[in-house]
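Single-structure report; data block below.
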Amino acid sequence: MGLLGKILAAPLAWIYGGVIDIRHKLFDWGVLKSREFDIPVICVGNITVGGTGKTPHTERLIEMLDGEFKVAVLSRGYKRKTKGFVLAAVNSSFKKIGDEPKQIKLKYPHIPVAVCEKRVEGIEKLRAAHPEVNLIILDDAFQHRYVEPWVNIVLMDYNCPVYDDYLLPMGRLRDRRAQIARAQIVIVTKCPDDMKPLDYRIMSKHLDLYPYQSLYFTRFASQVPVPLYPAFGQEPTLKRGTPVVAMAGIANPKRFVEDLRKDYDVVRTFIFGDHYTFKMRDIHAVEAALASLPAETAVVVTEKDAVRLMNSRKISDDFKRRLYYSSIRVEFLENKECDFHRQLDQYVRENQKYNMLHPE
């Protein structure tokens, strides 16, 4: 946004800031009630619009905690076509539950996944449907506040630091930077592979967290693309050096394309908005581009995009044969994954002990 745009947006940002300040005060004063549940609730959220990596970090939490606990995930199901509480099944449409909950359910089919705008209602109904659940991960609920999590984890994109940003619509912040103080853990995501000790110190200084808060840094490790429709007998992974068309409908596609360029010849890119529902005209546009490219050219999408493209009867067999997707895995920098897991476990188990000693 240019200088003129910021000047015009400043009054709206001031009004928006006043509204969220009043809302937070109502929660702080107890006028609006937050409910704490008798099982651990871990919230993964952020204070900005756009992708900070909530879903990959939620998936990493599942991998860490599954086995120790009976884990479930509750999301609002952003951009789904339904309302209210919906319990996900493996064959649920992304239109019914949202693309990110669908991705999680496909990857961890044994984990109960549900969507609900009202998180208190969602937790109650999720537990009624799955009474064995004893830990719930809330995806994107930091601003919600009607649920009081046992642990708040706030994510910040390394490339879009909150301390250099402004409230909507002047900037990308959807909440005050000061609200980060409600988090026990802050994670700086999407860090570059070559972060230096000075980079850690500079970012830590700017964030200026309280002593009770912990700071971690993570990166995304892109996985080798695999076929979305493997029934056509393709190789199980995409061969390095293959010419590819990159197609993405995510919040920040730049890193996805850059990672592809490291191992593949990216000959064309097709970029759409976040959570985009691909239409046949989009597929036809890519097919038209493929017609002038080498026969071995593949189309590579992100894992979230793959959820919106799978099981489509309208896509031609030739397009399906070329279609691959690349997933990402969260990696903790500075060898801090064990520290993070230990701290998370400590928060959960100490709260459990407290609740046993202080029943209502």
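The values are calculated or read from the model by the stated rules, or taken from the named source; none is laboratory data. Just so you know, these numbers come straight off a predicted model, no measurement behind them. Please note: Cβ atoms are built from the backbone with ideal geometry, for glycine as well, and neighbour counts cover all protein chains shown. Protein only, heavy atoms only, side chains kept; ligands, DNA and RNA dropped before computing areas. Shrake-Rupley method; radii C 1.70, N 1.55, O 1.52, S 1.80 Å.
For the chain, what is the accessible area per residue in Å² when the probe is 1.4 Å? Walk me through the numbers before you get to the answer.
On the way: 17770 Å² over 360 residues.
Value for the chain: 49 Å² per residue.
Please find the FRET efficiency linking V120 to Y163, where r is the Cβ-Cβ separation and R0 is fixed at 30 Å, and quote it to the nearest 0.05. Intermediate values should be presented prior to the final figure.
On the way: r = 32 Å, r/R0 = 1.07.
Efficiency, rounded to the nearest 0.05: 0.40.
Divide the volume of the convex hull around the Cα atoms of segment 16-84 by the residue count and you get 156 Å³ per residue. Apply the Kirkwood formula to segment 86-236: the hydrodynamic radius equals the inverse of the mean of 1/r over all pairs of different alpha-carbon atoms; give it in Å with one decimal. Result for segment 86-236, one decimal place: 18.5 Å.
Kyte-Doolittle mean at least 0.5 and Cα extent at least 20 Å along the axis: which DSSP H helices of the chain qualify? Don't jump to the answer; show the numbers that get you there.
Details: long enough: 3-28 (36 Å, 0.84); 337-357 (30 Å, -1.49).
Both cut-offs are met by 3-28.
Based on Cα atoms of segment 162-262, Rg over Rh with Rh as the Kirkwood radius reads 1.09.
In this view, the solvent-accessible surface of K96, computed with a 1.4 Å probe and all protein chains in place, comes to about 90 Å². Potential lengthening of the chain between E68 and A178 amounts to 36.3 nm, from the contour at 0.36 nm per residue minus the alpha-carbon distance.
Give the Rg/Rh ratio for segment 256-360, taking Rg as the radius of gyration of the Cα atoms and Rh as the Kirkwood radius, to two decimals. Display every interim value, and only then the final one.
On the way: Rg = 21.9 Å, Rh = 17.6 Å.
That ratio equals 1.24.
Roughly what % of Cα-Cα distances in segment 208-308 sit above 15 Å, to the whole percent? Present the calculation step by step, with values, prior to reporting the outcome.
Working: 3369 of 5050 pairs.
Summing the P(r) tail past 15 Å for segment 208-308 gives 67 percent.
Note on segment 66-142: the C-alpha convex hull projects to 4.7 nm² when averaged across all orientations.
Counting only protein heavy atoms and using a 1.4 Å probe, what share of the accessible area of the chain belongs to carbon plus sulfur, as a whole percent? Please list the in-between numbers first.
Values: 9720 of 17770 Å².
After summing per-atom areas, the C and S share lands at 55 percent.
For the chain, the extents of the C-alpha atoms along the principal axes are 66, 52, 40 Å, listed from largest to smallest. Approximating the spin labels as points 7 Å out from Cα along Cα→Cβ, the Y108-to-L215 distance works out to 2.8 nm.
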